[in-house]
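The values are calculated or read from the model by the stated rules, or taken from the named source; none is laboratory data. Note that the structure is a prediction, hence the values are computed from the model and not measured. With ideal geometry, Cβ positions are generated from the backbone for all residues, glycine too; neighbour counts draw on all protein chains shown.
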Amino acid sequence: MKYSLKCLYAVALLLVLCAATRATATPWQPYGLPADSVTISGQVTHPLTLSQEHLRRFNAVTGKDLKIVGVKGDIKKTLHSWKGVLLTTLLDSAGIRLAPKERGRCYIVVRGTDNYTTLYSWNDLFNNPTGSHVVLLYEENGQPITTDGPFVMVCTTDKITGPRHVKWVNRIEVASLP
Ligand SMILES: Nc1nc2c(c(=O)[nH]1)N[C@H]1C(S)=C(S)[C@@H](COP(=O)(O)O)O[C@H]1N2
Ligand SMILES: [Mo]
């Protein structure tokens with residue numbers, strides 16, 4: 001075998017090895033922050049850090065044919081099927097700390113690793129049908145999510161689903177306006 005050919009094989013082998021190492025490493029972390037768990041913090045009795053495994057222990061909700069629509073009405077993608085946990089289920093587990101007359105001030109912030117943020121009010125989630133449609137997804141099309149993070153939050157009944165579709169979710173914070 002010619003020397004140059006050997007070199008070529010060596011380089012090819014190195015590339016294959018590199019690719020294999022990458023595939024077994026932790027999921028890709030855009031913006032350098034880990035997205036392999038979701039924390040629930042702030043005005044709660046039990047702050048939580050939830051991994052994929054933890055999330056699978058909660059009651060699951062599923063659905064089909066969800067279109068992610070941008071502000072101009074453009075369809076960004078269609079999820080043929082999805083599976084996840086209601087945000088209200090997670091918040092009930094963490095236990096929001098509230099006095100009765102403070103409910104109107106309370107809000108829930110959902111952030112991705114890139115700090116893309118969306119929010120819900122306590123009344124949206126717990127005093128309106130909307131609450132039954134806000135889901136932290138961990139599966140899309142029958143598979144664990146990979147391209148948009150391990151976790152994606154979405155309100156499936158929004159007119160324009162894009163803006164409150166948060167990819168790479170890693171934080172949920174509960175707070176109240178002063
Ligand atoms: N973490 C994160 N989530 C995000 C965004 C983002 O920049 N970061 N873009 C939003 C926007 S503007 C839209 S329309 C939808 C779909 O965007 P995509 O086509 O980039 O997936 O995701 C939303 N979720
Ligand atoms: Mo968008």
Every pair of residues 6+ apart whose Cβ atoms lie under 8 Å, when the first sits in the range 101-120 and is in contact (Cβ under 8 Å) with a residue 60 or more places away in the chain while the second is of a type in the set (Asp, Glu): Ile108/Glu173; Val109/Glu173; Arg111/Glu173
Strands (runs of 3 or more DSSP E) wholly inside the range 61-178 containing at least 3 residues that are touching a Cys at 6+ places or on another chain (Cβ under 8 Å) and either at pLDDT 95 or above or away from ligand 2 (no atom under 16 Å from the Cβ) (or both): 169-176
When you look at Asp124, is it away from ligand 1 (no atom under 16 Å from the Cβ) and of a type in the set (D, E, K, R), yes or no? yes
Expected output for the range 68-97 (first residue farther than 17 Å from Met153 by Cα, partner of a type outside the set (D, E, K, R) and within 16 Å of ligand 2 (Cβ to nearest atom), Cβ below 6 Å, 6+ apart or cross-chain) is Val71/Ile160; Ile75/Val69
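To keep it simple, each residue is scored yes or no on (1) over 19 Å from Leu48 (Cα atoms); (2) within 16 Å of ligand 1 (Cβ to nearest atom); (3) among the aliphatic types (A, V, I, L, M); (4) surrounded by 15 or more Cβ atoms within 10 Å (Cβ to Cβ).
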{"site": "Val69", "(1), (2), (3), (4)": "yes, yes, yes, yes"}
{"site": "Ile96", "(1), (2), (3), (4)": "no, no, yes, yes"}
{"site": "Tyr107", "(1), (2), (3), (4)": "no, no, no, yes"}
{"site": "Asp114", "(1), (2), (3), (4)": "yes, yes, no, yes"}
{"site": "Gly131", "(1), (2), (3), (4)": "yes, no, no, yes"}
{"site": "Thr156", "(1), (2), (3), (4)": "yes, yes, no, yes"}
{"site": "Trp168", "(1), (2), (3), (4)": "no, yes, no, yes"}
